[in-house]
Structures are given as C-alpha cells and as structure tokens.
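Worksheet: one structure, shown below.
The values are calculated or read from the model by the stated rules, or taken from the named source; none is laboratory data. It should be emphasised that the depicted structure is a prediction, and the values quoted were computed from it without experimental measurement. Cβ sites come from the backbone with ideal geometry, for glycine too, and all protein chains shown count toward neighbours. Accessible surface areas use protein heavy atoms only, side chains included; no ligands, DNA or RNA. Shrake-Rupley method; radii C 1.70, N 1.55, O 1.52, S 1.80 Å.
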Amino acid sequence: MSKRNIFFAMILSSFLGAAIALGGYTTLVEAEVTNQIQPVNGSNPVSFTNYVFDTTDYVVPQGLNFVYAAKSATPGVVHIRTKYAATTQSNGARNPMEDFFRDYFGDRYDRREGGPGMGAGSGVIVSSDGYIATNNHVVDGASEIEILLNDNSTYKGEVVGVDPDTDLALIKVEAENLPTVKFGDSENMQIGEWVLAIGNPFDFRSTVTAGIVSAKARNINILARGGSATRIEAFIQTDAAVNPGNSGGALVNLKGELVGINTAIASPTGAFAGYSFAVPATLVKKVIYDLKDFGAVQRPLLGIEIVDVSSALAEQENLNVLKGVFVAKVKEGTSAAEAGLKEKDVIIAIDGKKVSNVAQLQEQVALNRPGDEIEVTFIREGKTKTVDAILKNQFMTTEVVKANSAFQMEGATLEPVSDTYKEKFGLKSGVQVKSIEKGKWKEAGIEEGFIITKIDKRPIANMDDLSASLNGARGEGILIEGVYPNGEKAYYGIGW
C-alpha cells in the first residue's frame, strides 16, 4: 500500500472513531436524562428525543412551557382599583396591617388621614356569575371598588365579606358568563413544581411571571401585626416575581389551575427581592365559600396553645421526636379538652395528614367547619395515640356563625356595633352589649349598651376579635375598655 493510501486510511479511521464515540455519548446521556425528568402533570416521562421545533429552531421539551397556563388563566384575573373617602380617626390611630402592606408589600395607595386616597390590586374570578377572590388588604376600608377585566370591561364591585385572619376577601360584580380560574389542589403540590403568578404589578395589566414552589406551610408573621389570635399563616412560598399591584392575583400551576392567592413578599425595599407568598387554594376555597354562604368565616378551633417542636424543646421536655406540634396549654371546655388532649402532647397528624409545624396544623384544622369531627394523632410519653375531636367555633358552640349576628356569652348578649354609633364615636367597628343578665359581665358592673373597643389594650373590631381575646385569656384577668351611648368612657376588670 502506498504512503498516500495509508494516510487516507488513517484519516477515515479517525472520523469513524469520532462518530462512534459521539453516538455512544449521546445515547448514554439521553438515556440518563430521560430516566430522571418527569413532567409536572404526572404523565409519561419527558423524552428529550421528542422536541417541539419552531421556525427559529428554538427547542422546548414537552410539558415545560407556560403558554397554556398563561392563556387559560389570564382572562380570569382582574385589576382592582379602589378609592377611599376622606376620613378622620378620633384617636389618630393607624391600622398596623394597613401600614405593613403599604410599606412592605404595597398596593400603591395613599390613605392619609383627612384626605381621599386610591389603591390598586388584583383579583381572581372564581365563579362565572361574578364572585371574585382577593386580599382583604386590597379592599379594606374602600369606599368605591372598580373591577377591570382582561377584555377592558369594567364593573362596580361590592364587598361580600372579608377575613383579616387569612387576609382574604370576596367581591361581587353584577355580571354573567365571566371567565373563571378553576381551583387546583394546593395540598398535593410538590416543592420544586413550576407555578405562574398572574396580576397587575405597577399597573402593568395582566402580567405573568414564572417560578417554582420554594416551600409550603410557611409562617412569616405578617398577620401578627393585626393582633389576632386566630390568624392563619400557611403560605406557599415561591420565587415567581410579585410586586405592588399583584396582591390578590392568581398563583396557578401548569394546568392553569388556581393553587394560591398572591399576598406578600419578603423584601427590605417593598419591591420583589426573591420570594413571594400565597394563601393556598384549599384555604381560599373554604374561606370564600363561607363568606358567600354565611357572610362570615366558620372558624373551627381545637382550643389549644401550641408551638413548633425544636431540638431544644425536645431536649427540655424529653420528647422522642424533632418534628410536630407541642401542646403548651389545653383550654377548659374546648374541643381538645373534651377529646382528651393534654399539655405536653405532640400532635403529628390531622385526619391522617402529617403536620410538622404549627402552620400545617392550623391549615388542616381551618379547612373544616365547627361541628366537624377530625382525627388527631399525637405522641404522649413516647406512645402514638389517636382521638376524635368535634370542633367548636369561637363561641364554644357548633352553631353556624353569621355576619352581624348576636351571640350570648357568660350572661351577656353581644352584637356588632350599629352604624349610628360608629359615626357618633368615630369608630370603624366594635362590639356592643345588647342585653345582660346574671354572670361575669354583670358582676363586673357592665351595663346594657356598653360598646367594647379594647380588651387588654388590643382593639376589638368585630366578634372574632372579641372571642379570640376572651378565649385566649381563660383563667386570667382581663381589662375591658369602651364607651356608653351617652359618651361616657368606662373600664372594667373581669376575672375570666
């Protein structure tokens, strides 16, 4: 063989070897990726041999684009514009929740005392006949609400009900055949799953951003600023960009289903800095249907004081678990007491669903209504036990609680303060003693007509605030402040 033929043979051999090597490498890597990648919707594994090409040769693996979710959900997300009448407050006090959301989440509004203001946020149409879910802080105190749909049609919105303890509200517009966002299953969402945030940040209408679920059942202590003992924080944490104006908007999965209502961000500046938080859809659905059906949230309570189990607490209390919910106190006459729960029990599951922290327990209990029976699994002295508990409402009964209803408590009949007295004393809300008989209230010297404004210096805006303050103080003394219809202020101490 000539030198020239030997040279060409060597070149050909080199090309063949390279081709075989590359072919083998591609097959191995492709097989490995195919085995690892799973689609969000749970169908067959994604194969990177199945590409979707467009005219620019841009490649998108099947199941990993957001077009369908954005297209199907965006029409059901609305822009909410609010106006606030010029008002003054008799004591010059500011609403701590309002300050928090203005400064750190910030629907952009100016509600300075004495002057009118405007605000903006988002909402989600949950039924075609005009019911819209949003955040309480988006509509709180608004004198006018305008709803702007994705197709540019506008409607006047009316508040059906609000729940500051979850920062949710329900609005109604008079319309039919509206586009809706279907509820999804937020309980079974996985950390790392793709989600989209849809809303109106900075008045940029119908904006869609993408991220993943970073954590679930996250408590960030923002509702604590309102002082409520019955607040529920079990947020879905994501890294989808959320900014002022996104409040009340939709968090959806890749099927375009609602898995949360965007509510807050963690930020030192008031603008997005990496993490956002949404109320999970399972809780949203329960709260808004309570507001729709009853005008008030049917709030189930176990009647216990609880804290997260930590390594320090486990060592201190000689516990054999590092996750769960530690029962610090069981209140008399409550669901927990009647079910047989005791102090130092560690609750690990509700209705068979694992609870690792307080937020998870609160969420699972809140999905029920007073009168419902739940199964509580707990550890006591190293042994796992299960009991059934019949949940009660904030008034220690299993009855339905309706908005503006009067309730009896310890010999007194209490009801929300009338609009006449609100205007007379410059009150946004309050609770009035309608009638009084023998019992703790009468023994303390309280008379009919007394309007309760504070308990232990905590403002009492409604029946929920009152019941939470009283139930949290059982076995202790409380200081009640208020005013009589003649303008006389009064203070009473009661051993509760």
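From (1) within 24 Å of Thr166 (Cβ to Cβ); (2) surrounded by fewer than 19 Cβ atoms within 10 Å (Cβ to Cβ); (3) among the small types (Gly, Ala, Ser), pick out the condition that doesn't hold for Ser335. The failed condition is (2). The set of residues from region 193-211 being open to solvent by less than 70 Å² (accessible area, probe 1.4 Å) and either of a type outside the set (Gly, Ala, Ser) or over 20 Å from the mean Cα position of the chain (by Cα) (or both) comprises Glu193, Val195, Leu196, Ile198, Asn200, Pro201, Ser206, Thr207, Val208, Thr209. Restricting attention to region 170-192, which residues are open to solvent by less than 10 Å² (accessible area, probe 1.4 Å) and in contact with a helix residue (DSSP H, G or I) (Cβ under 6 Å, 6 or more places away or on another chain)? Leu170, Val181, Ser186, listed by residue number. When Asp167, Asp163 are checked against the criterion of being acidic (Asp, Glu), in contact with a Ser or Thr (Cβ under 9 Å, 6 or more places away or on another chain) and surrounded by 18 or more Cβ atoms within 10 Å (Cβ to Cβ), Asp167 stands alone in meeting it.
If the condition is being in contact (Cβ under 8 Å) with a residue 60 or more places away in the chain and more than 14 Å from the chain's Cα centre (by Cα), then region 277-296 contributes Asp290, Leu291, Lys292, Phe294, Gly295, Ala296. Residues that are among the hydroxyl-bearing types (Ser, Thr, Tyr) and either farther than 22 Å from Pro300 by Cα or at pLDDT 95 or above (or both) within region 225-241 comprise just one, Thr238. Only residues that are over 20 Å from Lys402 (Cα atoms), modelled with pLDDT under 80, open to solvent by less than 40 Å² (accessible area, probe 1.4 Å) and part of a loop (DSSP other than H, G, I, E, B) were counted across region 428-474, and they come to 1.
Among the residues examined, Asp107 does not qualify as in contact with a Phe, Trp or Tyr (Cβ under 9 Å, 6 or more places away or on another chain), of a type in the set (D, E, K, R), at pLDDT 90 or above and within 27 Å of Gly426 (Cβ to Cβ).
Cβ-Cβ contacts under 7 Å between residues 6 or more apart (or on different chains), taken from a first residue in region 193-204 that is closer than 13 Å to Val124 by Cβ and at pLDDT 95 or above to a second residue that is open to solvent by 10 Å² or more (accessible area, probe 1.4 Å) and part of a helix (DSSP H, G or I), are listed as Leu196/Ala70; Ile198/Thr74. Scanning region 212-221 for residues that are touching a residue at least 40 places away in the same chain (Cβ under 8 Å) and surrounded by 17 or more Cβ atoms within 10 Å (Cβ to Cβ) yields a total of 5. Taking the criterion of being in contact (Cβ under 8 Å) with a residue 40 or more places away in the chain, of a type outside the set (D, E, K, R), open to solvent by 50 Å² or more (accessible area, probe 1.4 Å) and assigned to a loop (DSSP other than H, G, I, E, B), the residues of region 142-160 that qualify are Ser143, Asn150. Meeting the requirement of 1 or more residues that are modelled with pLDDT under 90, the strands (runs of 3 or more DSSP E) wholly within region 347-410 are 407-409. Among all residues of region 297-315, there is none that is within 21 Å of the chain's Cα centre (by Cα) and without any contact (Cβ under 8 Å) to a residue 24 or more places away in the chain.
Cβ-Cβ distances below 6 Å connect the following pairs, each with a first residue in region 405-428 that is touching a residue at least 60 places away in the same chain (Cβ under 8 Å), a second residue that is surrounded by fewer than 17 Cβ atoms within 10 Å (Cβ to Cβ), and a separation of six or more residues or different chains: Gly426/Ser90.
Quick one: would you say Asn188 is out of contact with any strand residue (DSSP E or B) (no Cβ under 8 Å at 6 or more places or on another chain) and modelled with pLDDT of 95 or more? When the stated conditions are applied, Asn188 does not pass them. Do we find a residue being small (Gly, Ala, Ser), open to solvent by less than 50 Å² (accessible area, probe 1.4 Å) and modelled with pLDDT under 95 anywhere in region 298-309? Yes, there is a match, as at least one residue in region 298-309 is small (Gly, Ala, Ser), open to solvent by less than 50 Å² (accessible area, probe 1.4 Å) and modelled with pLDDT under 95. Among the residues of region 429-455, those that are charged (D, E, K, R) and in contact with a strand residue (DSSP E or B) (Cβ under 9 Å, 6 or more places away or on another chain) comprise Lys434, Glu437, Lys440, Lys442, Glu443, Glu447, Glu448, Lys454.
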